[in-house]
Amino acid sequence: MFKTILITGSTDGIGKHLAMKLASEGHEVILHGRNSEKLRVALSDNQLKTGNKNIHGYLADFSKLADVYRFSEEIRRDFDKIDVLFNNAGAYFGDARVATAENIEMTFMLSVQVPYILTTELMPLLEKAEAGRVVHTSSFMHHFAQSKGLDFGLEQSYSAAMAYNNAKLYTIWLAIAQADALEKQGSSVTVNAYHPGLIATNLGNDGVKRNLASRILTGLMKPFSKDLDHGIETGYYLTLSPEVATISGRYFSEKKVARVSLKGYDKAKSQALLAYCDQKIAAFKEANHG
């Protein structure tokens with residue numbers, strides 16, 4: 001049975017590779033990228049190598065909330081249903097804190113705020129699927145998060161590593177909160193987070209000024225980096241496997257439910273996370289729609 005699968009950040013790395021595998025099996029795949037040339041190449045690459053004509057490309061810069069909403073509208077306009085929303089887009093930023101116009105720290109924006117908005121905006125399409133699935137990309141690095149003060153925007157203190165690790169922890173909090181809410185509504189849509197493995201991709205070498213620590217980290221990670229085939233295994237499993245059709249609100253690694261470091265997680269904190277995301281959305285809408 002062919003599925004319609006949307007993968008964000010699918011012009012290189014894991015996203016592109018996963019899209020290729022799914023397209024080669026005949027699924028309808030929606031690619032997303034922020035660079036029009038890379039998107040064009042990914043789209044034609046995919047179509048040529050798989051022979052699948054049911055592949056679509058959408059351009060959106062997820063560092064801008066206006067683009068996130070426009071992208072959501074275009075997907076709702078062009079598709080009746082989506083079986084899987086795969087939130088894969090992300091980045092590792094440099095020494096200085098970078099933020100959106102709404103002062104959302106950029107790592108948080110891509111890993112948490114955007115998946116939160118896309119899940120919300122595309123839920124009507126996911127509900128139309130027989131068993132819609134949402135997959136959020138987390139990381140083993142969430143074990144190193146430092147989230148004491150719930151300073152989601154890292155306005156008190158910032159480092160690239162802390163921004164990344166914290167965002168990957170909040171991604172798991174988000175999956176738990178969304179899964180919980182959907183279950184209460186009697187929805188069959190599931191939401192899970194996963195660790196893709198340490199892959200040698202372009203994450204973090206995208207023209208961003210890198211500090212020494214992150215260069216060393218990347219250098220250390222290279223020998224352990226899995227090849228892309230292995231890197232997409234858990235994501236592929238969460239996208240299609242019947243074994244996880246009814247599992248929701250969990251964190252996976254190596255195709256298994258994995259131990260998660262919740263770092264002081266509690267319901268109140270996960271609600272504070274959602275409230276923070278909602279507050280940023282409200283500020284954006286007020287500024288743009290008066």
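For the range 42-76, a residue qualifies if it is closer than 26 Å to Arg97 by Cα and not charged (D, E, K, R), and the qualifying residues are Leu59, Ala60, Phe62, Ser63, Leu65, Ala66, Val68, Tyr69, Phe71. You will find that of Gln185, Gln113, the residue that is at pLDDT 95 or above, under 20 Å from Val68 (Cβ atoms) and not hydrophobic (A, V, I, L, M, F, W, C) is Gln113 and no other. Any residue that is under 24 Å from His32 (Cβ atoms) and either of a type outside the set (A, V, I, L, M) or touching a His at 6+ places or on another chain (Cβ under 8 Å) (or both) - is there at least one of those in the range 153-162? There is no residue in the range 153-162 that is under 24 Å from His32 (Cβ atoms) and either of a type outside the set (A, V, I, L, M) or touching a His at 6+ places or on another chain (Cβ under 8 Å) (or both). Counting only residues that are open to solvent by less than 20 Å² (accessible area, probe 1.4 Å) and not hydrophobic (A, V, I, L, M, F, W, C), which one in the range 138-157 is farthest from Ser10 (Cα to Cα)? Top of the filtered list is Ser147. Here Tyr92 fulfils each of the conditions (1) touching a Phe, Trp or Tyr at 6+ places or on another chain (Cβ under 6 Å); (2) open to solvent by 10 Å² or more (accessible area, probe 1.4 Å); (3) modelled with pLDDT of 95 or more apart from (3).
Kindly provide the set of residues from the range 45-75 that are of a type in the set (A, V, I, L, M), under 25 Å from Met20 (Cβ atoms) and open to solvent by 30 Å² or more (accessible area, probe 1.4 Å), ordered by number. Passing the criteria: Leu48, Leu59.
Need a quick list: helices (runs of 4 or more DSSP H) entirely within the range 205-276 having at least 1 residues that are surrounded by 13 or more Cβ atoms within 10 Å (Cβ to Cβ) and at pLDDT below 55. Before you say what the answer is, go through the steps one by one.
On the way: elements: 212-221, 228-231, 233-240.
Here the list reads 212-221.
Would you mention how many residues in the range 11-44 are within 22 Å of the chain's Cα centre (by Cα), open to solvent by 50 Å² or more (accessible area, probe 1.4 Å) and among the small types (Gly, Ala, Ser)?
Result for the range 11-44: 1.
The values are calculated or read from the model by the stated rules, or taken from the named source; none is laboratory data. Remember, it's a predicted structure, so these values are computed and weren't measured experimentally. Because the Cβ atoms are built from the backbone with ideal geometry, glycine has one as well, and the counts that use them run over all protein chains shown. What goes into the accessible areas is simple: the full protein's heavy atoms, side chains included, and nothing from ligands, DNA or RNA. Shrake-Rupley method; radii C 1.70, N 1.55, O 1.52, S 1.80 Å.
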